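J.: Can you keep this structure in mind? I'll have questions shortly.
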Amino acid sequence: AKSGGGSDWTAVELERRRLAEGFRGGFHEGATVALQGLGVEELNGKLGQLVSWNSQSLRWQVELEGGEGCKALRPANLVPQDSDGPAQKRAKVV
């Protein structure tokens, strides 16, 4: 067991939560997502596939269906369309 200052634990916990935002249930590379709440109305409701998580911008690179290219989108604008994948296993770690 490790003993340390409370501030170290707080910093680690905040980082864990920040990273978890990108990988919460259903968010994993290759997952299908629906777009929502975007300023560009015609993109809302479209489907895409998660390509990679950018921890600098805190956005997912999403390959849009229909050859419309790749967009960097916040997790808040994405709705997972499938529920089985690495994220499910990751969520169960205690």
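The values are calculated or read from the model by the stated rules, or taken from the named source; none is laboratory data. None of the values given here were measured: they were computed from a predicted structure. A quick note on method: Cβ atoms are made from the backbone with ideal geometry, for glycine too, and the neighbour counts reach across all protein chains shown.
Conditions tested, residue by residue: (1) within 10 Å of the chain's Cα centre (by Cα); (2) loosely packed, with under 15 Cβ neighbours inside 10 Å; (3) at pLDDT below 75.
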site	(1), (2), (3)
Ala11	no, yes, no
Phe23	yes, no, yes
His28	yes, no, no
Gly37	no, yes, no
Leu43	no, no, no
Lys71	no, no, no
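J.: Restricting attention to region 73-94, and to residues there that are surrounded by 11 or more Cβ atoms within 10 Å (Cβ to Cβ) and over 22 Å from Gly39 (Cα atoms), which single residue is modelled with the highest pLDDT?
T.: Ranking the qualifying residues of region 73-94, first place goes to Asp82.
J.: Which residues, taken from region 53-69, are closer than 21 Å to Arg16 by Cα and surrounded by 14 or more Cβ atoms within 10 Å (Cβ to Cβ)?
T.: Trp53, Leu58, Arg59, Trp60, Gln61
J.: Considering region 52-67 alone, what residues qualify as being among the aliphatic types (A, V, I, L, M) and modelled with pLDDT of 95 or more?
T.: Listed by number, the residues that qualify are Val62, Leu64.
J.: Of the residues in region 39-75, how many are assigned to a helix (DSSP H, G or I) and more than 16 Å from Glu29 (Cβ to Cβ)?
T.: Of the residues in region 39-75, 6 are assigned to a helix (DSSP H, G or I) and more than 16 Å from Glu29 (Cβ to Cβ).
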